[in-house]
There are 2 protein chains.
Amino acid sequence: MTNQAVDQSIEKALASFKELDEKITHLSSIAALIGWDQKVIAPKKGRSTFANASGTLSTEIFKLSVSSEMGGLLDILSTPEAAAQLDDISKAQVREHKENYDRSKKIPTDLYKEYAVLTAQANDVWEAARANNDFGSYQPFLEKIVEFKRKVAEIYGYEKHPYDALLNEFEPGLTVEKLDPLFAKLRESSVALLKRIQASPNQPLVSIFEQNYNVEKQREFNKYILPIIGFDTEGGRLDETAHPFAQTINTGDVRLTTRYLEDNVRSAIFGTIHEAGHGIYEQNIDEKYEGTVLQSGSSFGVHESQSRFLENMVARSESFWKYFYTTLQTYFPEQLNAVKLEDFYRAVNAVEPSLIRVEADELTYNLHIMVRYEIEKALIGGEIEVKDLPEVWNKKMEDYLGITPETDSVGVLQDIHWSFGGFGYFPSYSLGNLYAAQILNKIQQDLPDFYETIEKGEFGKIQGWLKDKIHQHGKFLTPNELIVNATGEELNAQYLVDYLEEKYSKVYGL
Amino acid sequence: MTNQAVDQSIEKALASFKELDEKITHLSSIAALIGWDQKVIAPKKGRSTFANASGTLSTEIFKLSVSSEMGGLLDILSTPEAAAQLDDISKAQVREHKENYDRSKKIPTDLYKEYAVLTAQANDVWEAARANNDFGSYQPFLEKIVEFKRKVAEIYGYEKHPYDALLNEFEPGLTVEKLDPLFAKLRESSVALLKRIQASPNQPLVSIFEQNYNVEKQREFNKYILPIIGFDTEGGRLDETAHPFAQTINTGDVRLTTRYLEDNVRSAIFGTIHEAGHGIYEQNIDEKYEGTVLQSGSSFGVHESQSRFLENMVARSESFWKYFYTTLQTYFPEQLNAVKLEDFYRAVNAVEPSLIRVEADELTYNLHIMVRYEIEKALIGGEIEVKDLPEVWNKKMEDYLGITPETDSVGVLQDIHWSFGGFGYFPSYSLGNLYAAQILNKIQQDLPDFYETIEKGEFGKIQGWLKDKIHQHGKFLTPNELIVNATGEELNAQYLVDYLEEKYSKVYGL
């Protein structure tokens, strides 16, 4: 072929590829919407029937993304000739589809089907096992899942540690080698800090949250803060579900959910703000990525950094409550008029080691993740076996948090993740905290009046910075590119360590 | 081929056909859900982007239903050999897809694309023309649409009148020859009855509705009546939109909307009940049709019969208000405590000729339809041209309703239907009334205590009869089969004529 003929065939392939990408993206956007609908508002009676329809759509999307058409186009568009000719956005689109295509194609169909059946069963078994505190009944299923995941790691391939192959699905480019020192540093400093906090005589009064807080008033307060902190309420919704989440349909339609507890005013406020962090990210992705695979966040970890940044670095700051506390008091005068701002601020930052991850505070949360990370790594690496889990779990909880679960239900059985094979997922949560603290450090250099603007209830400059450095780029930049681009260096655990030290020194007068 | 080989190939084709039907039905159910979402709850900002995603799905559904695969399967399954072998349900599935396939295939792709662009433009032009009372700007677009529709009628083919080809899309099997005498009888008797009503000294007091009715209380009342009249609220929802409608996702998920007007308590009540009539129909379709093309109503006219039956024959009866009126009074004591039941009943049945179809009462509504039916028939038949419409419209309004629009905005320009080419649609509304009256006659023979049960607020027997005779059959029976099956005879206008005569004699003391 002449060079011109090559160019033409690349150009033609690119046009077909973009059309296919758009079709997959459109159908995925529909899948997102119907998923939201069935979780949030669909009447129960129709859900099992609709699940068949949803299944048909998911199958269609999967088929398109691993079709021979996709394979052929990726072959053409991954050549050095193509690389020389494609613009950066096209290259990123090819990168994303190629990763997905290669991964999916590597797993033999039979093995995948077997696994789908296994995880469907395992989910039910896990639910029952947790309810009955019966790890034994779950063990054989989890063994098969781990066996499958070990196989998958071999099939995907890795350089140094098999767990890398799984980490990579959630945080492209991340490895045990990179993560180990980051997490070790965070774990050691957190365990030490926790001990000092527990020894402090200045304990905040968390009982102020455990009064009766009218749900309708909570609803109003949550709806009041959302647009102020930067969530575009005209391009989204806030609904209610037992398990809060954020779901993007497109950049003009981002849906959050929260949960109101009459006896816990904290839960909804920080839950809503957390989901808003995810939502604002998606609302601010550049429109030029609309209708492409790049119209979403860079990775699970980066996404979590945006929810944690808003929830913890912003909304658990004293400045935040200097602005919002008097309003909260007007909503709940009986409950809060006698509580001073400083006491309220200290209470929202209280540290209390607990058995359950999803109820953990900002400091101990990471220790819950360390327990899971170390177990997953050792399981996939073959250093421990499923039968050892309850013992290993309890030992680590004691070592890091100083408490031991009395039952497996509130121990090793508490999370759903393993039952669907989500190995490699947990680290994202702490990565989010690490990214967030590094971003906090950088944003304060760029916006020296960072806390002053929060204190005035002005979030425009902060959200502008986040949009510019993080949000707008969607999936165009990889997580590592993004954090280097935004902060000037690769992920560095020192920022989170320093942030936690500083915050808790203040809160607990250490 | 041997007989056995034929049988096998039919069996194989049938399996593939059913799979394809299920896929189309599943994707259509998803299209229904996302259509509902975008109309009812999606934030405005995301809608135009999402329209692209919706478009991708619609295109996919259309492609499947006219695919060469579908064509080939229908060829095999439409042979006499196949007919002898298929069960009745399979035959009905083939019938529905074949009609749709043949119709779609007959229109050349270029012509169809041209038409899609034309109607998209025409819709905007119509909106502006109505706002500006400017028929002239709409005329050239409507002329092209009529020209297209005349062409389509020729392409589809017909025996006697070209309009038959269009009627058939909405009411399979219906012709001008059948419809003309039915509508003539209804029109003549309605015009005469209207004159007698207008001459009556016993006019009901409709001003009772035009007080201030708190919207929240209206909401409660509407939600209160829904389950009582037979709508399964666990298998559906009631939301609010400017233009009320019913949308089925599946038989376990049927969504209604209504509209609350502070100064008009009637509007929501009868609007909700009307949509509930549509909804109950869909909730009661036999589960065996789930996931097939037969999981919907028999025709537009039959669907409308169920909404009209519940709205007019049931909810505008004196018995209905004997049960519900005291409750309504407890919701609105200030407005209604001084109004006697009889006066309320007479007021909900007030007849007031008005210019706008969607605001018309039970009697004059049909006259609005006659105006449109006669115009459509003459337009498609080439007896009148688009330029004549304003004059013809106003003349007919004067002849049938005794009032003449002062502007085209409240005359010939009021309806959206022609701008999207919906010729043949309007008759469905009056067909609904005709079917409903015939059903009322029969149901009273089968359930002599029909009104007594309504008076007690017991709707189980009535809904049971409707389910048995109408609802459960879905699209399995054609409209004509269904009405003969339910009432023992073909559509007969005398029932509606008698019903109207009897009702208004009572209401107006004629």
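Every number here is computed from the coordinates shown, using simple stated rules; none is lab data. Remember, predicted model here, so these are calculated numbers, not experimental data. For neighbour counting, all protein chains shown are included, and Cβ atoms are generated from backbone atoms with ideal geometry for every residue, glycine included.
Things to note:
- Close amide H partners of A:Ile403, meaning residues 5 or more places away or on another chain with modelled amide H under 5 Å apart, are A:Glu398.
- Chain B: antiparallel DSSP beta bridges as a percent of all, rounded to 5: 50
- All C-alpha to C-alpha distances of chain A, sorted into 10 Å bins beginning at zero, yield P(r) values of 4, 17, 28, 29, 17, 5, 1, 0, 0 percent in whole numbers.
- The Cα center of the stretch B:221-241 and the Cα center of the stretch A:47-101 differ in position by 43 Å.
- Ordered by the count of other Cβ atoms within 10 Å of each Cβ, fewest first, B:Glu69, A:Glu96 give B:Glu69, A:Glu96.
- Cα centroid separation, the stretch B:103-161 to the stretch A:144-215 (Å): 62
- Debye-sum result for the stretch A:3-106 in log10 I(q)/I(0), which assumes one identical scatterer on each alpha carbon, at q = 0.19, 0.24 Å⁻¹: -0.91, -1.23
- Residues whose amide H lies under 5 Å from that of A:Leu261, counting only those 5 or more places away or on a different chain, are A:Ala268; hydrogens are built 1.01 Å from N in the peptide plane.
- Per DSSP, loop GluC sites (Glu not before Pro) in the stretch A:141-230 with at most 15 further Cβ within 10 Å: A:Glu159, A:Glu210
- Mean sequence separation of contacting Cα pairs (under 8 Å, at least six apart), scaled by the length of the stretch B:132-198, corresponds to a relative contact order of 15 percent.
- Remark on A:Arg255: its backbone amide H falls under 5 Å from those of A:Arg237, A:Gln247, A:Thr248, A:Ile249, a criterion applied only to residues 5 or more positions apart or on other chains, H modelled at 1.01 Å from N.
- Angle between chain B longest axis and helix B:389-401 axis [Cα atoms, degrees, rounded to 10]: 50
- Largest first and in whole Å, the equivalent-ellipsoid semi-axes of the stretch B:309-352 read 18, 12, 8, each the square root of five times a Cα gyration tensor eigenvalue.
- 3J(HN,Hα) along the stretch B:354-362: 9, 7, 9, 3, 5, 9, 6, 7, 4 Hz, from the Karplus curve 6.51 cos²θ - 1.76 cosθ + 1.60 with θ = phi - 60°, whole Hz, x for Gly and Pro.
- Neighbourhood net charge (9 Å Cβ-Cβ; Lys/Arg +1, Asp/Glu -1) for B:Leu341: -1
- What you get for the protein assembly as shown, charging only the Cβ of Lys and Arg (+1) and of Asp and Glu (-1), is a dipole of about 460 debye around the Cα centre.
- A label point on B:Gly381, set 7 Å along the Cα-to-Cβ line, lies at 8.7 nm from each of its counterparts in the other copies, closest listed first.
- Debye log10 I(q)/I(0) for the protein assembly as shown, one point scatterer per Cα, at q = 0.05, 0.06, 0.07 Å⁻¹: -0.40, -0.58, -0.78
- Candidate aspartates and glutamates - alpha carbon under 18 Å from A:Lys340, same-chain residues fewer than 8 apart omitted: A:Glu210, A:Glu318, A:Glu455
- Our note on the geometry: Cα centres of the stretch B:335-360 and the stretch A:289-312, 56 Å apart.
- 28 Å tail of the calculated P(r), the stretch B:362-497, as % of Cα pairs: 36
- Within the shell defined by Cβ-Cβ distances under 14 Å, the residues around B:Arg259 carry a net charge of -3, with Lys and Arg each +1 and Asp and Glu each -1.
- Based on Cα contacts under 8 Å between residues 6+ apart, the stretch A:3-106 shows a relative contact order of 37 percent.
- Summing Cβ point charges (Lys, Arg +1; Asp, Glu -1) relative to the Cα centre of chain B gives a dipole of roughly 480 debye.
- Range of Cα positions in the stretch B:272-345 per principal axis (Å), largest first: 52, 20, 16
- Pairs beyond 28 Å (Cα-Cα), from A:Lys178/A:Lys475; A:Lys23/B:Lys18; A:Lys106/B:Lys18: A:Lys106/B:Lys18
- Inter-copy label distances at A:Pro227, shortest first and taken from points set 7 Å along Cα to Cβ: 3.6 nm.
- Ellipticity estimate at 222 nm from DSSP helix runs (n ≥ 4, -39,500 (n - 2.57)) divided over chain A, nearest 500: -21500 deg cm²/dmol
- Dipole axis of chain A (+1 Lys, Arg; -1 Asp, Glu on Cβ), positive-most option in A:Leu74, A:Tyr138, A:Phe309: A:Tyr138
- Counting only DSSP beta bridges whose two residues both lie in the protein assembly as shown, roughly 50 percent are antiparallel.
- Other protein chain Cβ atoms within 10 Å, averaged over every residue that makes up A:326-333: 0
- Rounded to the nearest whole Hz, the Karplus-based 3J(HN,Hα) values (6.51 cos²θ - 1.76 cosθ + 1.60, θ = phi - 60°) of the stretch A:488-503 follow the sequence x, 8, 6, 4, 9, 5, 4, 4, 5, 4, 5, 4, 5, 4, 5, 4, with x at glycine and proline.
- Sorting A:Leu431, A:Leu142, A:Leu355, A:Leu111 from the fewest to the most surrounding beta carbons within 10 angstrom yields A:Leu111, A:Leu355, A:Leu142, A:Leu431.
- The order of A:Lys395, A:Lys322, going from fewest to most other C-beta atoms within 10 Å of their C-beta, is A:Lys395, A:Lys322.
- Distance violations [Cα-Cα > 25 Å] among A:Lys39/A:Lys387; B:Lys149/B:Lys396; B:Lys91/B:Lys151: A:Lys39/A:Lys387; B:Lys91/B:Lys151
- Farthest towards the positive end of the charge dipole of the stretch A:3-106, among the residues A:Tyr101, A:Ser9, A:Ile89, is the Cα of A:Tyr101, using unit charges on the Cβ of Lys, Arg, Asp and Glu.
- Counted charge near A:Asp468, where neighbours are those whose Cβ lies closer than 11 Å (Asp, Glu -1; Lys, Arg +1): +1
- Normalised contact order of chain B, rounded percent, pairs of Cα under 8 Å and 6 or more residues apart: 21
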